[in-house]
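Written out below as structure tokens is the structure these notes cover.
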Amino acid sequence: ASAPGGAGSPVKTAYKSKGPTNEVVKVVNGMKHRRLGGSDIVVSELGLGTQRWVSTDFNAPTEEDCFAFMDEAILKGGVNLLDTAEQYPIPSGGSSPEGRTEEVIGKWIKDRKVKRDDVVIATKITGGRNVTPRNIRRDCEDSLRRLGTDYVDVYQLHWPQRYSPQSNW
């Protein structure tokens with residue numbers, strides 16, 4: 001039997017919201033967790049930004065510092081959202097190449113035996129001319145490998161070409 005609309009046509013299903021946008025779903029250690037849009041993703045009101053983690057900055061947090069941040073915020077403080085990107089750390093170079101921050105997060109999840117469902121990982125593809133179907137697949141797969149997981153919760157476009165409408169499509 002062929003799919004509705006003929007052979008090769010995608011099957012269309014209606015989107016069904018999982019609940020009200022921004023709904024407080026639960027409170028963990030005093031931290032409110034809200035629904036992201038109408039999805040089934042529930043995020044803490046605060047998240048950990050990771051742009052400078054293990055970077056070449058003179059005062060960048062080390063891997064051990066980053067583990068301590070995640071231990072305190074996620075394991076003790078009710079935070080579940082980690083915001084990262086394929087190109088982090090910034091600045092990068094030498095012993096801190098692009099992608100190193102995702103590796104640190106993946107190592108922490110494995111080392112601390114954190115259940116994957118207990119953290120929400122938002123990562124990004126570098127924008128501009130890098131955004132092509134092939135690069136989206138490749139860069140997402142590279143992020144998954146570095147993070148040591150088989151899925152990310154939110155995949156975003158980082159630094160789109162803001163001044164050229166439609167240039168990222």
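Structural remarks
- Among the residues of the stretch 119-139, none qualifies, meaning not one is open to solvent by less than 50 Å² (accessible area, probe 1.4 Å), of a type outside the set (Ser, Thr, Tyr), assigned to a helix (DSSP H, G or I) and under 19 Å from TRP53 (Cα atoms).
- Yes/no for LYS113 being open to solvent by 20 Å² or more (accessible area, probe 1.4 Å), in a loop (DSSP other than H, G, I, E, B) and either at pLDDT 95 or above or touching a Leu at 6+ places or on another chain (Cβ under 6 Å) (or both): yes
- Pairs where the first residue, in the stretch 11-40, is of a type in the set (A, V, I, L, M, F, W, C) and the second is assigned to a loop (DSSP other than H, G, I, E, B) and open to solvent by 50 Å² or more (accessible area, probe 1.4 Å), C-beta under 7 Å, 6+ apart: VAL11/PRO4; MET31/GLU45; MET31/LEU46
- Looking only at residues in the stretch 48-99 that are at positive phi and modelled with pLDDT of 95 or more, the one that is surrounded by the most Cβ atoms within 10 Å (Cβ to Cβ) is VAL54.
- Filter result for ILE105 (in contact with a strand residue (DSSP E or B) (Cβ under 7 Å, 6 or more places away or on another chain), hydrophobic (A, V, I, L, M, F, W, C) and open to solvent by less than 20 Å² (accessible area, probe 1.4 Å)): yes
- Selection of first residues in the stretch 127-145 that are under 22 Å from ILE109 (Cβ atoms) and of second residues that are open to solvent by 40 Å² or more (accessible area, probe 1.4 Å), restricted to Cβ pairs under 7 Å at least 6 apart or on distinct chains, gives the following pairs, ordered by first then second residue: CYS140/TYR155; LEU144/ASP150.
The values are calculated or read from the model by the stated rules, or taken from the named source; none is laboratory data. Note that this is a predicted model, so its numbers are computed, not measured. No Cβ is skipped: glycine too gets one built from the backbone with ideal geometry, and neighbour counts run over all protein chains shown. Keep in mind that these areas ignore ligands, DNA and RNA; they rest on the heavy atoms of the full protein, side chains included. Shrake-Rupley method; radii C 1.70, N 1.55, O 1.52, S 1.80 Å.
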